[in-house]
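Below is one structure; the comments refer to it alone.
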Amino acid sequence: MTDEDTSNTERIKKAAQLILKDEIRHLQLVPSVALKLLNLTNDDNAKIEHLSRIIETEPVLAAKILKQVNSAAYALPNKITSISRAVTILGFSIVRQLALNLLLYNRLIQQNSAHKFDFLFFWQHCLYVASLSKRIAIALKHPDPDLIYTGGLLHDIGKVVLETYGRITYSDFIDSINNNGHASPEEERRFFGITHSEMGHIFCLEWQLPTSIMAIVAFHHDQPAETSPYAKYKTEIAIVSFANYIAWIQGIGSATYSSHPSLQSAVLKTIDIDQLDLDALLQQVDQDMQSTREFYNVQLPGLNTLRAKLVKETINLSQISADDPDTAAPSNHKLSSCLTLPHQSLNPDDFIPRTLEAMLDKFYFDTSIMFTIDPKRRCLVASYCWPNHLLPAQPQPFEIDISGIAGLLLKCLREKKAVIINDKIEPDNPIIQHFKVSEYIAIPVLHHTNLIGVLYADNAQSKRPMHEKLLPEITPIAYELGIAMFNAKQYNQEKKHAQTDHLTQLFNKRMVNNFLTTVFQGDESKLANIAIGFIDIDKFKLFNDDCGHQAGDDALKIVADILRNLTRPGDFIGRYGGEEFVFILRNTDETGALGYAERIRSEIERRGKIMSQRFQGHILTVSIGISMYSRQYTKYTDMVEVADQAMYRAKNEGRNRVVMLPGKAPSKK
């Protein structure tokens, strides 16, 4: 551990001492049996008899395990009475997981908090994150999914410490943020002097929990520095962080307040989200949670209720004045789970059409449309529609210039109020004119107070009148849709950030390797026409040393720009690191690959001569090495190595040239 890590740990310990009623090692938060199970999780030599011995010391736990193995689900011919036999049948992993869950659950439900912190709600969040984390770990082929499960189970344990033993409690913190409705680690630190992650870290240290678990608890909101001793657990941390994010955006949080969690860019740099089938994972976790409810024989908050919670909690933010008869207060109309679909996906092309369809089913509209805002062109664009055939594919979708909007639609945009617009009042309304309808509902789609779209609905076919009482019933749906759209945008931005080099905006080395992995897993017949090229800027150090690092950055951007302009769709370009770039050409031959590389080389040289004054007389040139696929390459790294060797030969032969090496096994430079 570095001096900085030690100093930071001491700071956290002092902050913990100030906020807690007693020293943390005296706090009876986790049963001793549970601690043994936690350490057993980290023991590669653990055996069935070790686990059986622990369970046998807890009669309630033993009874639950025996009840589970003798349930109808296993349909065993004879009743099992031996704990050792039960562990063998159920499996070491399942029994350890159930035992740990039950021990912690029994301790938590004894806390009958009359305040804002709901232990049962918290427990469901922990179980959900643990289950989803394990499912993700399995999908990503992590070697120890049980470790990930335990980390997910305990990731927020610091909140329990603060609620149970704090001089001021986590309930007090929740009360303090009710005015702004947003909890963040920064807000926690301002309130307690310490975050729940830091408190959890100190708890793990004092109770000597496995280091891997400690890393997840301490850093699930912020990945550790590369120099940290916990950095080697960045994959485990990233999986639990992602599961925690998914839980929160579905309303399955660890406390009963609204929150808009952020997804760390480091998470997407560490794990490949594209490998995950989120729909299947969420279905599996829902099944896990149903089994959990049956195991504990307790009614946990329903998942659909929790997903709808975010809708209900945002009603006050979008509620419109009851003084206006057009905008009556929300009725007692109960939102069904079908209207909370946005929180089950991060893909707008999935959740927006499904929400529009659900609106038609629930409110019996004929048509629903989502107008999104194009901020650059300042217009409303009809982006999604249900039924979807009503917006046929066309070169330019229907759009409305915002500067030309007037009347009630302008009121909807400016005042962020739901309105009903009809042709008797506004016959020249652009939407009425375009869709040939007599009236429609327009509801602002918001994130916080920011307008991001307009939800439209009509009854053009059925001719049913639009009632004003519908407005407050649909408003929270529109607001929830806004939250989902914001989350999706943030997710995609973070994902793009994790895939691209920030300076050149080309794909980064990780994406290059991912692309090549996918290519080499394909049909060998398609590999025959693959070329890989390495591009290295000649004498790049001189650009930085003589002209400054800004000039070096400009040189990198010029090369990236030329690569973008001269590369075909379907081929792949990326920055490999430093002054090196990579291109991967498909459906080409030696002539085509050499021709492409020569065009790149000559255009960079031409641009470099023009800008030589900018670079104090240095002319920007590159050396390029190419390898063509050969059956001798058993993996893509062989082919990359040959391209690299070809690039070095180009440098040795005088730079500013293209060299192609024939297909062969790579040799040492």
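The values are calculated or read from the model by the stated rules, or taken from the named source; none is laboratory data. Quick caveat: nothing in here was measured; it's all calculated off a predicted structure. Note: ideal-geometry Cβ built from the backbone for every residue, glycine included; neighbour counts use all protein chains shown.
Scanning the stretch 130-155 for residues that are within 18 Å of I202 (Cβ to Cβ) and at pLDDT 90 or above gives a single hit, H155.
Being surrounded by fewer than 16 Cβ atoms within 10 Å (Cβ to Cβ), among the small types (G, A, S), at pLDDT below 85 and not in a loop (DSSP other than H, G, I, E, B), is that true of even one residue in the stretch 270-285? Yes: the stretch 270-285 contains one or more residues that are surrounded by fewer than 16 Cβ atoms within 10 Å (Cβ to Cβ), among the small types (G, A, S), at pLDDT below 85 and not in a loop (DSSP other than H, G, I, E, B). Within the stretch 570-588, being over 28 Å from K541 (Cβ atoms) and hydrophobic (A, V, I, L, M, F, W, C) holds for one residue alone: L585. Within the stretch 375-398, residues that are over 14 Å from H434 (Cα atoms) and assigned by TED's automatic domain parsing to the domain that holds V445 reach partners that are loosely packed, with under 13 Cβ neighbours inside 10 Å and at pLDDT 85 or above with beta carbons closer than 6 Å, at six or more positions or on different chains, in the pairs C379/D401. Residues that are under 30 Å from V559 (Cα atoms) and touching a strand residue (DSSP E or B) at 6+ places or on another chain (Cβ under 9 Å): does the stretch 483-490 have at least one? Yes; the residues of the stretch 483-490 include at least one that is under 30 Å from V559 (Cα atoms) and touching a strand residue (DSSP E or B) at 6+ places or on another chain (Cβ under 9 Å).
Can you pull out every residue in the stretch 206-243 that is among the acidic types (D, E) and modelled with pLDDT under 90?
Passing the criteria: E206, D222, E226.
Restricting attention to the stretch 614-631 and to residues that are aliphatic (A, V, I, L, M) and buried (at least 18 other Cβ atoms within 10 Å of the Cβ), the residue that is farthest from V658 (Cα to Cα) turns out to be L620. Y596 meets each of the listed conditions (1) farther than 25 Å from L542 by Cα; (2) at pLDDT below 95; (3) not β-branched (V, I, T) apart from (2). The residue that is farthest from the chain's Cα centre (by Cα), counting only those in the stretch 466-513 that are of a type in the set (D, E, K, R) and assigned to a helix (DSSP H, G or I), is E473.
In the set (1) within 24 Å of N513 (Cβ to Cβ); (2) modelled with pLDDT of 90 or more; (3) among the basic types (K, R); (4) in contact with a helix residue (DSSP H, G or I) (Cβ under 9 Å, 6 or more places away or on another chain), the condition left unmet by R607 is number (1).
Being closer than 30 Å to Y245 by Cβ and not assigned by TED's automatic domain parsing to the domain that holds M639 is a description that applies to T500. Taken together, the residues in the stretch 71-80 that are more than 22 Å from D146 (Cβ to Cβ) and at pLDDT below 75 amount to 2. Scanning the stretch 519-576 for residues that are part of a loop (DSSP other than H, G, I, E, B) and at pLDDT below 90, which turns out surrounded by the most Cβ atoms within 10 Å (Cβ to Cβ)? Within the stretch 519-576, the match that is surrounded by the most Cβ atoms within 10 Å (Cβ to Cβ) is N529. Scanning the stretch 190-204 for residues that are modelled with pLDDT of 85 or more and outside any loop (DSSP other than H, G, I, E, B) gives H196, S197, E198, M199, G200, H201, I202.
Being closer than 21 Å to Y648 by Cβ and at pLDDT below 95 narrows it down to one residue among T588, T637; which is it? The match here is T637. Residues in the stretch 556-569 that are more than 22 Å from I619 (Cβ to Cβ) and in contact with a strand residue (DSSP E or B) (Cβ under 9 Å, 6 or more places away or on another chain): T567, R568. Each residue in the stretch 82-101 was checked for being at pLDDT below 75, surrounded by fewer than 18 Cβ atoms within 10 Å (Cβ to Cβ) and touching a Leu at 6+ places or on another chain (Cβ under 8 Å), and 1 pass.
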